[in-house]
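The values are calculated or read from the model by the stated rules, or taken from the named source; none is laboratory data. Small disclaimer: the values here were computed from a predicted structure and weren't measured. Glycine also receives a Cβ, built like all others from the backbone with ideal geometry; neighbour counts cover every protein chain displayed.
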Amino acid sequence: MGRIRVDFSFTVPYDQDIDQIRALVAEILNQDPRVLDTPPPEIGAEQLTELGVRIGVGPTVTPTDYWEISGDLLERIKARFDRDGIRFAVLPPGWKSAPPAHARETETR
């Protein structure tokens, strides 16, 4: 049996509790029998963005579970966050993407 890591990420606003998010995601991963114990899943801050903290998630699965599990996990994470009042970062109204760095510098002057 082979192993493969499923990498995905999502962004939460800066005011969200990263420890709580990490714990909830770990709970969801631990409840899924397709997620292998070895190596343990990686969950943590991946990048600080204009909109918030990008959380990286990297569970290990068998190759046969690869395509199915990432969508399943994202749906379960979304449902759990909705239930617990955790928000995902979203673009402010009127933005099509995060502003480039030079635009942010000009706006703050």
* What is the number of the single condition among (1) assigned to a loop (DSSP other than H, G, I, E, B); (2) in contact with a strand residue (DSSP E or B) (Cβ under 7 Å, 6 or more places away or on another chain); (3) of a type outside the set (Gly, Ala, Ser) that Gln16 does not meet? -> (2)
* **Complete set of residues in segment 48-65 that are in contact (Cβ under 8 Å) with a residue 24 or more places away in the chain and polar (S, T, N, Q)** => Thr49, Thr60, Thr62
* **Answer residue from segment 16-32, given it is touching a residue at least 40 places away in the same chain (Cβ under 8 Å) and closer than 12 Å to Glu42 by Cα and is nearest to the chain's Cα centre (by Cα) among those** => Val25
* Leading residue by the ranking (surrounded by the most Cβ atoms within 10 Å (Cβ to Cβ)) among those in segment 38-64 that are modelled with pLDDT of 95 or more and among the charged types (D, E, K, R) -> Glu46
